[in-house]
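These notes concern the structure reproduced below.
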Amino acid sequence: MTQQLLQLRRYRFLLLFPIIYSLVNKIVNTLLFTIVSSLVLVKGKVGLDFSNTVNEVASQYIFLAYAVGAAFVTVTLWLGDRALYQHQTFWNDSHRSFWQLERRAKEEFFRGLSSGLSVAFIYILVFAIAGAIVYLGTYITSAIGTPVFPLFFMDLLSLIVFIFCEEFLFRHKLLRKIHEMMSPMRAVLLTSVIYIALKWVQFQLVPLDYINLLLLNITLGFFYLKSGRAHRGLGFLSALYGALHSFAGLPLWTHSSPSFFLFKENTKMISSLSGGSAGPLSSLGLTSILFVFAIGAYLSWKKSNA
C-alpha cells in the first residue's frame, strides 16, 4: 500500500499538470472573448457582423491571453518550488542579475538563437524563391484598425513570455520529472504528446501541425537533456517564432500579427508546401528542416552521453 502511494505521488504532477494548464487556458480564452464581445457590443454591431468582428479583434490578442495564463501557472509552480525548497535554476542563478548569464548558458542561448534564425531564413528564402510565399513590402501592417506599433510590441512580448513560460513548464518541470520515471526517448516523446494535446486545446491545428510540433518538441527535448538547461530551446523558439510571425508576418497557428516585413501565401501554389493561411508550422517545407534538427539534436545528445 505504501509503495502504491509513493508511485501515485510520483505520477501526481504528470496527471494534474495537463488538466490544470488546459483549464487555465480555457478560462483566459473565455475572458478574452467576453471582454472583446462587451466592447464590440457597445459599438452596436449585431448578428454575423458582431461575430466576425469579435473573432477578428480577439485573434489579435490571443497570445497576450495565453501568455497571461502560462505566466500564472509558471509563477505558481515556481513559488511552490521555492516554498518547498525544490527550486532549481531555470534561467539564472538567484544571486545574478537577469542579464548576467553564466558563460555556458549564454553560449547555449545564442546557439539556439542562431539555429532558430537559420531555420526561419531557409524557410523564407526557399519558399520566396519558389513563389510559394510572396513578399509584399517593408512596413508594419495590421489586419484591423488597431494602433499598430503598440500591438506589434505587445504581440512580440506576449509571444516571448509565452515561449519562456512553456519551456519552464514542459522542459524544466515536466520533462525533468518524466525523465526520472522512464528512459530519455520515452520521456521526450511523452512530453511531446502532452504538449501537442494542450496545443490542440489552445489552437485549431491541421494535420501537419502535429508532425511539426512533434519534431520541434523532440529537438527541444534533446537540447534540454544534453545541457540540463532550457536556454538553447528558449533561443531557438524565440528566434524561430519571432522571425516568422512578428517580422515576416506569417501566421502562427492561423493567427496573424503586425509585422515589419509582410509575406503572404501564394494562393496559386499548393498550400501544404508553405503552410498557406495556417502558417509555416503546417508546412511540408518546415517538416523537412525540423526533421534534420530533430535527428541532429538526438545524435548530439547520444554522443555526449556515450
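Apart from one condition, M182 fits all of (1) within 15 Å of T254 (Cβ to Cβ); (2) among the aliphatic types (A, V, I, L, M); (3) outside any helix (DSSP H, G or I); the exception is (1). Do the conditions hold for K264, that is, is it more than 30 Å from F149 (Cβ to Cβ), surrounded by fewer than 21 Cβ atoms within 10 Å (Cβ to Cβ) and over 17 Å from the mean Cα position of the chain (by Cα)? No: the conditions fail for K264. Listed by position, the helices (runs of 4 or more DSSP H) inside the range 222-306 whose residues that are farther than 24 Å from F90 by Cα number at least 2 are 271-274, 284-304. All of (1) surrounded by 15 or more Cβ atoms within 10 Å (Cβ to Cβ); (2) under 15 Å from Y210 (Cα atoms); (3) at pLDDT 90 or above hold for G285 with one exception: (3). Looking across the range 271-281, the residues that are in contact (Cβ under 8 Å) with a residue 12 or more places away in the chain and out of contact with any Phe, Trp or Tyr (no Cβ under 8 Å at 6 or more places or on another chain) come down to S272, G275, S277.
Here is a yes/no grid of residues against (1) of a type in the set (G, A, S); (2) touching a helix residue (DSSP H, G or I) at 6+ places or on another chain (Cβ under 6 Å); (3) under 26 Å from R104 (Cβ atoms); (4) in contact (Cβ under 8 Å) with a residue 24 or more places away in the chain:
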position	(1), (2), (3), (4)
F127	no, yes, no, yes
L136	no, no, no, yes
L156	no, yes, no, yes
C165	no, yes, yes, yes
R186	no, no, no, no
V193	no, no, no, no
A197	yes, no, no, yes
V206	no, yes, no, yes
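Residues in the range 194-221 that are more than 13 Å from the chain's Cα centre (by Cα) and part of a loop (DSSP other than H, G, I, E, B): Q204, L205, V206.
Applying the criterion of being of a type in the set (V, I, T) and either within 26 Å of L290 (Cβ to Cβ) or out of contact with any strand residue (DSSP E or B) (no Cβ under 8 Å at 6 or more places or on another chain) (or both) to the residues of the range 90-145, the residue that is modelled with the lowest pLDDT is I144.
Scanning the range 48-66 for residues that are of a type in the set (S, T, Y), part of a helix (DSSP H, G or I) and under 10 Å from H255 (Cα atoms) returns a single hit, S59.
Residues in the range 162-177 that are over 12 Å from V188 (Cβ atoms) and of a type outside the set (A, V, I, L, M, F, W, C): E166, E167, H172, K173, K177. Going by the conditions given, is V148 more than 23 Å from L125 (Cβ to Cβ), β-branched (V, I, T) and modelled with pLDDT of 90 or more? Against the criterion (more than 23 Å from L125 (Cβ to Cβ), β-branched (V, I, T) and modelled with pLDDT of 90 or more), V148 does not qualify. Within the range 83-95, is even one residue of a type in the set (A, V, I, L, M, F, W, C), within 19 Å of the chain's Cα centre (by Cα) and part of a loop (DSSP other than H, G, I, E, B)? The answer is yes; a qualifying residue exists. Scanning the range 207-234 for residues that are buried (at least 23 other Cβ atoms within 10 Å of the Cβ) and among the small types (G, A, S) yields G221, A230, G233.
The values are calculated or read from the model by the stated rules, or taken from the named source; none is laboratory data. Keep in mind the model is a prediction, meaning the values are calculated, not measured. Positions of Cβ are backbone-derived with ideal geometry, glycine not excepted, and every protein chain shown enters the neighbour counts.
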